Amino acid sequence: MGVALPMLRDVLRSVQLERVSPRLVRLSITDRCDMACVYCRPVRDDAYLPASERLGVDGWETVLRGLQAEGVRRVRITGGEPLLHRDVLALVRRVASLGVEDLALTTNASRLASLAVPLREAGLRRLTVSLDSLDPDVFASITRGGDLAEVLRGVDAARAAGFDELKLNTVVLRGLNDGELPAITRWAWGLGITPRFIEVMGVGEGGRIWRERLVSRDEMRSRLDGLVVDGDGVRDDDRGPARYVEAADGSGRRVGFITGSTDTYCARCDRLRVTSDGNLRPCLATPDGVSIADAVRRDDAGAVREALREAWDRKPDAAWRGCTEDSARAVSMRGTGG
Ligand code: SAM
C-alpha cells in the first residue's frame, strides 16, 4: 500500500467524524429468537448467552443514562426476538420514562397479538415487523418453521393498537420471495404499513448465501415498475439508512429500500448497538466492541459515557465497505441486533 491511501483514509475519517455524532442506539435486549431465518442463523438451537449475562431493566437504564449524556436521542429495541424477553414491557416503560425523542421496536411478530396493546400502553411509539413472505410455505421455509398466521394476527393487533407508525422489513432473497414484491407492497399499503425491502447482507449466516441470493435495489425497483415513481428516493432525517420512493398513484404512500450490500452508507452512519450482555458495538460489520458490563454492574452511567466515546472512536472510516467486508461474517446478527 502506498502513502496516499492511508492519508486519504485519514481525511475521510475526519470528514466522517465531523459530520456525525451518536444519535441512534439499537438495543439487542436478548439473543434468543423463536425463528431461524436462513440469512440470520444456521439452526434453531445454536447456543445462547447464559441468562445471567443478560442486562436487566435497571442495567438498561444505566446504559441509556450514559448514552443520553453523550447525545443519543433515539432508541430502537431489537434482538434476537425482543418480545421473548420476559421483562420487555417493563423495559419499554422504563426507556419511555427517560424522555427519549423516539422509541421504536423491531419484531418478528410471533408474540405481537397479545403484546401490541400493552407495548403501546407502555410507551412504544413505532413498530417494525419483519415479514419476508405472504405465502405460508415460503414463510416457513425462510424462517425455518415460522407460522405466518400467527404473525398476521400480530400485524392486525398492532394496527388496532394505534402506533404512530408501522413499517415492514422484508429481506429479499433471489429464488425465494423476489417474486412477491408487488403483492407485499399492495398488501402493506392496504393496511397503512410502509414496506421496506432489504438487500440481504453478508453478516453472520448471511455471509454464506448473500452473493447467490442478493437482489439489488435497482432490480427490486424494476419489479415495482408502475407502483412507485422513478428516482433514487429520499432518506428521512435521523431515521437510518432507508431511502423512500413514493407511490405512482400520488397517494403519498411509500416504499423503502435498504441497500446494505450495493451501497453501504457507512459515511453517514450515526448508529450504535448494544448487545444483551453489555457490549457497545460501533459497527454492524465487525465484532469489535467495548464492554460496559462492569460499568453497568456498578450503575456507573459516567463510565458508560466514556465507553461510548471509545467505541465511537473505533467506528470504521468512510472508506469502509460495510457489511460487504469479510469481518461481517464473524458477526451474529441475532446477538448484535439488526
Ligand atoms: N427478531 C426481530 C425481527 O425479526 O425483526 C429483530 C431482530 S432481526 C435480526 C432484525 C432485522 O434484521 C430483521 O428485519 C431481519 O430480517 C434483518 N436481518 C437479519 N439478518 C440479515 C441479513 N443477513 N441481511 C439483511 N437483513 C438481515
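Work out the length of the dipole vector of the chain about its Cα centre, built from +1 on the beta-carbon of each Lys and Arg and -1 on the beta-carbon of each Asp and Glu, and round it to the nearest 20 debye.
300
Using the charge dipole of the chain (Lys, Arg: +1 at Cβ; Asp, Glu: -1 at Cβ; taken about the Cα centre), state which of ALA116, SER28, GLY66 has its Cα farthest towards the positive end.
GLY66
In the chain, what cysteines have no partner Cβ closer than 4.7 Å?
CYS33, CYS266, CYS269, CYS283, CYS323 - these cysteines have no disulfide-compatible partner (Cβ-Cβ under 4.7 Å) in the chain.
Please state, to two decimals, what the Cα-based radius of gyration of region 65-173 comes to when divided by 2.2 N^0.38 Å (N = residues).
1.11
Expressed as a whole percent, how much of the Cα-Cα distance distribution for the chain exceeds 30 Å?
Everything past 30 Å amounts to 33 percent.
Longest segment of the chain with no chymotrypsin sites (Phe, Trp or Tyr not before Pro) in a DSSP loop having at most 16 other Cβ atoms within 10 Å?
49-264
What area, in nm² and to one decimal, does the C-alpha convex hull of region 179-287 cast on average over all directions?
8.2
Please pull out the direction-averaged projected area of region 62-112, using the convex hull of its alpha-carbon atoms, in nm² to one decimal place.
Its Cα hull, projected and averaged over all orientations, spans 3.6 nm².
For region 109-167, take the convex hull of the Cα atoms, compute a quarter of its surface area, and give me that in nm², please.
Result: a mean projected hull area of 3.6 nm².
Leaving out ligands, DNA and RNA, and with a 1.4 Å probe, what % of the accessible surface on region 107-178 is carbon or sulfur?
Accessible surface attributable to carbon and sulfur in region 107-178 totals 47 percent.
How much area per residue is accessible in the chain when the probe is 1.4 Å and only protein heavy atoms are counted (Å²)?
Averaged over the residues of the chain, the accessible area is 42 Å².
Looking only at the chain, where both bridge partners belong to it, what percent of the DSSP beta bridges are antiparallel (to the nearest 5)?
Among the beta bridges of the chain, antiparallel pairing accounts for roughly 25 percent.
Which value in deg cm²/dmol, rounded to the nearest 500, describes the helix-derived mean residue ellipticity at 222 nm for the chain, given -39,500 (n - 2.57) per DSSP H run of n ≥ 4 and division by the residue count?
-10500 deg cm²/dmol
Place the peptides 273-280, 235-242 in order of packing, highest mean first, counting for every residue the other Cβ atoms within 10 Å and averaging per peptide.
Ranked from most to least packed, the peptides come out as 273-280, 235-242.
The values are calculated or read from the model by the stated rules, or taken from the named source; none is laboratory data. The structure presented is a predicted model; accordingly, all values stated were derived computationally and were not measured. In this analysis, Cβ positions are derived from the backbone assuming ideal geometry, glycine residues included, and neighbour counts consider all displayed protein chains. Remember, those area values only see protein heavy atoms, side chains included, never the ligands or the DNA or RNA. Shrake-Rupley method; radii C 1.70, N 1.55, O 1.52, S 1.80 Å.
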